[in-house]
1. Consider Gly153 against the criteria (1) exposed (fewer than 13 other Cβ atoms within 10 Å of the Cβ); (2) on the phi < 0 side of the Ramachandran plot: it satisfies all of them except one. Which criterion is unmet?
2. Can Ser262 be described as in contact (Cβ under 8 Å) with a residue 40 or more places away in the chain, more than 15 Å from the chain's Cα centre (by Cα) and assigned to a helix (DSSP H, G or I)?
3. Which number in (1) buried (at least 22 other Cβ atoms within 10 Å of the Cβ); (2) over 25 Å from Phe26 (Cβ atoms); (3) of a type in the set (Asp, Glu) marks the one condition that Asp119 misses?
4. Provide a single number: the residues in segment 83-116 that are assigned to a helix (DSSP H, G or I) and either in contact (Cβ under 8 Å) with a residue 40 or more places away in the chain or not charged (D, E, K, R) (or both).
5. Scan segment 59-82 residue by residue and report those that are in a loop (DSSP other than H, G, I, E, B) and closer than 16 Å to Ala15 by Cβ.
6. Check segment 70-90 and report whether any residue there is polar (S, T, N, Q) and under 19 Å from Tyr363 (Cβ atoms).
7. Would you mind listing the helices (runs of 4 or more DSSP H) fully within segment 280-372 where at least 3 residues are within 25 Å of Lys218 (Cβ to Cβ) and in contact with a Pro (Cβ under 6 Å, 6 or more places away or on another chain)?
8. Scan segment 98-131 residue by residue and report those that are of a type outside the set (Val, Ile, Thr), closer than 21 Å to Ile360 by Cβ and in contact with a Lys or Arg (Cβ under 7 Å, 6 or more places away or on another chain).
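The values are calculated or read from the model by the stated rules, or taken from the named source; none is laboratory data. Everything numeric in this text was worked out from a predicted model, so none of it was measured. Because the Cβ atoms are built from the backbone with ideal geometry, glycine has one as well, and the counts that use them run over all protein chains shown.
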Amino acid sequence: MTKLKEVSILHINTADSWRGGEKQTFYLVYNLHKTGYSTYCVCRKNSPLHNCLLKNEVPHFPLKMRSEFDIPAAVRISRIAKDINAKILHMHTAHAHSLGYLSNFFYKVPVNIVARRVDYHIGRSFFSRIKYKYPQQFITVSDAIGDVLVSDGIPEEKIQTVYSGMNPVDYKNIKTDHLNNEFSNIPELKNKMKFINTAALTHQKDHETLLNAVSLLKKKFDNFILFIAGEGELHDKLLKQQEKLSLKDNVVFTGFRHDVLSLIKFSDIFVMSSRWEGLGTSIVDAMAMKKPIIATNTGGIPELIQNNYNGIVVTKENPEELSIAMHRLIMDKALQKKFSDNAYKKSGNFTIDNTVKGTIEVYKSLLEGKEK
């Protein structure tokens, strides 16, 4: 039987941003490479993932990938797969899924796997229906995503949940002193309850509901600040909403940050208002840093947050319920301590080591199936 470490594995990630999926792709390929697996990654040229792979000396192939129907890119991927004699093709984005499917017309890789990190339904176009039939396996980051795929007609046996994981090393020696200097213009910051939200400013993350909840909270308790760390297409709209609701003294938009973990450590309570969420790796970050958490009951979030055990789960798009949860935690220090302790305890289930082990088991199972 072929040993997995003798098999070439080719990953594809087409993203030009650095979000949870790219971080997870890097963690996986880096740890596979570090432990002796023959792993390679196709990535978008000059993307953050490209730079990260280059810096850490992980074998990779930077390409220009203009769209999911970029035939020249698919041909190049097929040539790479042939040159390295790839036996496993692992696709990490929706466009990677398309390009991987197309590349198989030029060079057939025996095992094809698609990572699924979002909990919305499969598209109804002819191309979507075809491309979702071809992989041997879908690796989902939560059971909730698997349930969506099953409801869309994907056989249950083709779906395996492998939770995204954090690297415990990332949470050591995190500095926050610079934040005291950066936010020194906020009066009495030391005495304020500090909320943190780390999410791109997009429709998915629903900052509109979060700002409305903050406006309601302010009527009951005013000595707090909410840091929103992220950038996105809704930036200007949210600034207008902030002004309309008179929240300039209570909400700080920090923009995109490289020190998100510092902001989480600096804050008291983590809050997530997403409309949908495959899992929510930023929640895992907060759990690992012993933060009490308030989050919406959507997608894979309830698999991370057990209501009234390690946080509060609220109905999505419900500012009243969210504001009540925020006020409840502000007023109950003992509850904050209970949630933070339990969050940290549960974060041990979501490590990158577990992610790598689970992924390797999927690889082995599929290769063994091919050899029978």
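1. (2)
2. yes
3. (2)
4. Residues meeting the conditions: 10.
5. Matches in segment 59-82: Lys64, Met65, Arg66, Ser67, Glu68, Asp70.
6. Yes - at least one qualifying residue is present in segment 70-90.
7. Details: elements: 281-288, 301-304, 319-331, 333-347, 352-371.
Because the criterion is at least 3 residues that are within 25 Å of Lys218 (Cβ to Cβ) and in contact with a Pro (Cβ under 6 Å, 6 or more places away or on another chain), the helices (runs of 4 or more DSSP H) in segment 280-372 that meet it are 333-347.
8. Pro110
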